[in-house]
1. Net charge near residue C:3, counting Lys/Arg +1 and Asp/Glu -1 over other residues with Cβ under 13 Å of its Cβ?
2. Could you run the Karplus curve 6.51 cos²θ - 1.76 cosθ + 1.60 with θ = phi - 60° over segment A:79-94 and give me ³J(HN,Hα) per residue in whole Hz, x for Gly and Pro?
3. Quick check on chain A: helices-only [θ] at 222 nm, where DSSP H runs of length 4 and up contribute -39,500 (n - 2.57) each and the sum goes over total residues. Nearest 500, please.
4. How much net charge surrounds residue B:33 when only other residues with a Cβ under 11 Å from its Cβ are counted (Lys, Arg +1; Asp, Glu -1)?
5. Within the set of other residues whose C-beta is less than 14 Å from the C-beta of residue C:137, count the net charge using Lys and Arg as +1 and Asp and Glu as -1.
6. In units of 2.2 N^0.38 Å, what is the alpha-carbon radius of gyration of chain D?
7. What does DSSP give for the protein assembly as shown in terms of the percent of beta bridges that are antiparallel, rounded to the nearest 5?
8. Pull up the DSSP beta bridges for segment B:4-151 and report the antiparallel fraction as a percent, rounded to 5.
Number of protein chains: 4
Amino acid sequence: MKDVRIIVTGGTIDKVHDMQGEGLGFAPSGASHIPLLLEQARCFFPKVQEILLKDSLDFDEADRAAILFAVRNAPETAIVVTHGTGTIGRTARELAGQVTGKTVVLTGAMRPFSFGASDGPFNLGGAVIAAQHLPEGVWGVMNGRVFAAEALDKNTGTGRFDT
Amino acid sequence: MKDVRIIVTGGTIDKVHDMQGEGLGFAPSGASHIPLLLEQARCFFPKVQEILLKDSLDFDEADRAAILFAVRNAPETAIVVTHGTGTIGRTARELAGQVTGKTVVLTGAMRPFSFGASDGPFNLGGAVIAAQHLPEGVWGVMNGRVFAAEALDKNTGTGRFDT
Amino acid sequence: MKDVRIIVTGGTIDKVHDMQGEGLGFAPSGASHIPLLLEQARCFFPKVQEILLKDSLDFDEADRAAILFAVRNAPETAIVVTHGTGTIGRTARELAGQVTGKTVVLTGAMRPFSFGASDGPFNLGGAVIAAQHLPEGVWGVMNGRVFAAEALDKNTGTGRFDT
Amino acid sequence: MKDVRIIVTGGTIDKVHDMQGEGLGFAPSGASHIPLLLEQARCFFPKVQEILLKDSLDFDEADRAAILFAVRNAPETAIVVTHGTGTIGRTARELAGQVTGKTVVLTGAMRPFSFGASDGPFNLGGAVIAAQHLPEGVWGVMNGRVFAAEALDKNTGTGRFDT
């Protein structure tokens, strides 16, 4: 079976309640919740690499370059990228032209994993399967569907990714 | 995109705390938790059909016949079956010889969805993707991996499905 | 045993994840989470009266007047007020001079009930007991302690109410 | 303010999902969930002493003697005992005649804390307040009410403690 790497960049799936500022924030660098999510999922084989913990609306070119670098340098050919839903489509389309020989699947969530009742585990479970079984290329997995990079965009009206 | 049917048969994923008997039980017939799981996952397109709410260790031949009947009669070609992990492999192997023209994916959980911190959403998220994108045949999806029917067996030592 | 009224004014205990604005907000008016909290607590006897769903930092004089009015007009002598922690002490001190013949207990939470792992149920459980068993007056209950109105202030450094 | 000791004896509040036996069990000795419950409640001052992790239906005379011994030997005068609901009344009545100079409050839950949506935090929050503010004697706190030892009995029909 294929080795899988999960590259963590932040996004809502990794947000936490910021008790001081009474809003949403991120845990300190290095404290992504993705390892805990995988532990609850009893999914022990992926290698998790946290490169960013940011809202994807705040990504700059250096951030997207860091994602591309991490994807290209991964020894695995099955790659999942956790990402904010705000600009997940843009990152997917940038990666699409620049990665070969790998299946890259972007995913995320509309509700933080740390709040419970999150769509994150369902989405990540789909992404891990997709990374191992879809053809080479760049894909998004959200809410039970696979999207090609060019079709990966949040419907901000419904708060969903649909067709 | 493909229509997906989820056939619910019970298993740990659907168990609840039985306050009277102080153990694990099932909600009354018709009250599967899979629709709530899908709602939290923001996954609105699958058709959910509850045919049983039983521990798969208690399945008899009539129960397996009911599963086969439901799979064969489904108008969709992408089918997910939620199932107890105790005999999931046996059911998969029985179905394997008797279904054609469909992708059937069995899945379940080691911890009930209703207890929180369950592997169920991750597993079901993977199964819904697999049902749409794997070749025809009967498969299992657990803990981030796809298993052929013949290789789908719980490692009772680790409490996992591994390779 | 005494009848208990819970007057709901909002605060963090009642906040929810705002998926559109990607921050914290409140459910629509009339949709406080306190009834669900009480149902999980299997505490069925209090009467719940939602008068506001606001962050207490946004309270104006009309809001505090509405709280005073509700407390004074309650037929019960045991009253709990759920309140934001930001100005809970100020409201307590305003009420303290103006209510007689009743035990009024203010409480709230540092983490929303709707996010799980909240301090809200523990705090409300203490407040409901305190309202029935403390002497007449205005009190705060937070994190396992009872505070007199004059001593009820969040330590913004620790994010706790301590002595 | 008073020091509080929480004496842990097990009961449903401390039960966990037993994945192997597919039922309810307890964590290994020394791994009570009460410290985590208190951490979520942001209640840092009580001293927690685990003496048993058992279903109270399985208590024998040695177990009740151990509880009495722990209560008598506690340096604090405010004591909470977490206890299974099955025989909580019996233990309360046994303690009632044999402890003086202390306020002892028994509490528990109908749903395990580890399953989420538990009544445990609400009950324990009430018990911690009651232990500090009720008169000397032995009491039970469940579901928002204080019960004298002689009136502390589960209504097995409703699954509640009521009056």
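1. Combined, the nearby Lys, Arg, Asp and Glu give +4.
2. With the stated coefficients, segment A:79-94 comes to 10, 10, 10, 7, 8, x, 7, x, 10, 4, x, 4, 4, 4, 5, 5 Hz.
3. That calculation yields -8000 deg cm²/dmol at 222 nm.
4. Residues close to residue B:33 contribute a combined charge of -2.
5. Combined, the nearby Lys, Arg, Asp and Glu give -1.
6. Here the answer is 0.94, to two decimals.
7. 30 percent
8. Of all bridge pairs located within segment B:4-151, approximately 30 percent are antiparallel.
The values are calculated or read from the model by the stated rules, or taken from the named source; none is laboratory data. Predicted model, so just to flag it, every value in this text is computed and none were measured. Quick reminder, even Gly has a Cβ in these numbers, built from the backbone with ideal geometry, and neighbours come from all protein chains shown. Heads up: the accessible areas ignore ligands, DNA and RNA and are worked out on the full protein's heavy atoms, side chains in. Shrake-Rupley method; radii C 1.70, N 1.55, O 1.52, S 1.80 Å.
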